[in-house]
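Data first, discussion second: the structure below is written as C-alpha cells.
The values are calculated or read from the model by the stated rules, or taken from the named source; none is laboratory data. This is a predicted model, so every value here is computed, not measured. Because the Cβ atoms are built from the backbone with ideal geometry, glycine has one as well, and the counts that use them run over all protein chains shown.
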Amino acid sequence: MSDEQRPPLRRVTVRTRHVESEGGSCAVSVATCPRSDDPVALERCEGCVHTERIEQSRSGRAVAVHCRPPPPSRPELTRKPSLLGCAMEAVLQQTLVTEVMTTDVTCVEPSLGLERLTELFLTLRFSGAPVVTPEGRPVGMVSKTDLVREAYEAAIDPEEGTPRTVADVMSERPTCVQDTAHLGEVAALMALEGLHRVPVLGRDGRVCGIVSALDVARWVARQAGYVVPAGGPAEPPAPEELLAR
Ligand code: SF4
C-alpha cells in the first residue's frame, strides 16, 4: 500500500484516570479511540494492529498513541417494499433535501477557539456545526457532546493539556449528502448512522446547507397538516448581531 493510500496517522491523547477506593488507589490510562469514539484502555491500544508507537513523557508515562485506524465502514442503505401508500412513498422519493434543509448554516473552521465555539452554541442555539476549510469544504463535525466529553476528560485528568481549538475535539470524516439526495434517503442515512444533523453539499463540494432530525420532524408534521413555524419556537439572533456584541 502506498503512503497516499494508507489511512492518516492519528495522535490520540492518553489520559490517566485516578480511582480512589477503600482498597487504595489505582490509575487507569485510556484513549478515545477514533474508530469507535469510545474510551479504550491503553493495554488494548498496545495490542491493536493499527498502533505505530506509544509516545512517552520523560518520566516514562504514556501520553499519546500514534495509530492509523482505517475509516469506519459505513453500512449500506437497503430498501424493502414500502408499507406506505404509493402516493406517500412517491412524495418522500421526490422531495429533495434542499426543500427541507436549513440554508442559513453556521460553519466553523478547525482553528476556532473552544470558548468562541461554546459562545456560538449558546447564543445561536444550535448543537452542532460542520467544520470546513476556508474554501467551505467539510473536514469534520463538532457538537456540544464533543465539548462535554473533553470537559469530562480534562476534569478527571487535570494534568493533561486542555484542548484549545475545534480541531482538537471534532469528529473527522463527516457523513454528508449531496443536494440532489431525496428526503427518504437522507432520513434512512440519519437513522442508520445515528446522526442528529448532516451537512448538505452543492455540486462544487462546498457546504450549502444542513439538515437536522428536527428539520425532518417539522416536515413530517407539516405533511400531516399541522402548522409548524419555520424557525421553531424562537428565532435566534442573526450572526451579524452576535458578532457586533
Ligand atoms: S491504537 Fe487501535 S484501539 Fe487504540 S486508539 Fe488507535 S485504533 Fe483505537
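A compact table of results
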| item | result |
| --- | --- |
| Filter result for the condition that a residue is in contact with an Asp or Glu (Cβ under 8 Å, 6 or more places away or on another chain), part of a helix (DSSP H, G or I) and modelled with pLDDT of 85 or more, over G209, G184 | G184 |
| Conditions (1) modelled with pLDDT of 90 or more; (2) part of a loop (DSSP other than H, G, I, E, B); number of the one not met by L120 | (2) |
| Criterion (within 24 Å of the chain's Cα centre (by Cα), more than 10 Å from the ligand (Cβ to nearest atom), at pLDDT 90 or above and more than 19 Å from V142 (Cβ to Cβ)) met by exactly one of L96, L112 | L96 |
| Residue check, E135 without any contact (Cβ under 8 Å) to a residue 12 or more places away in the chain and among the acidic types (D, E) | no |
| Residue satisfying condition, being out of contact with any helix residue (DSSP H, G or I) (no Cβ under 8 Å at 6 or more places or on another chain), farther than 20 Å from R125 by Cα and at pLDDT 90 or above, within set D204, D215 | D204 |
| Residue that is surrounded by the fewest Cβ atoms within 10 Å (Cβ to Cβ), among those in segment 29-78 that are touching a residue at least 12 places away in the same chain (Cβ under 8 Å), acidic (D, E) and more than 9 Å from the ligand (Cβ to nearest atom) | D37 |
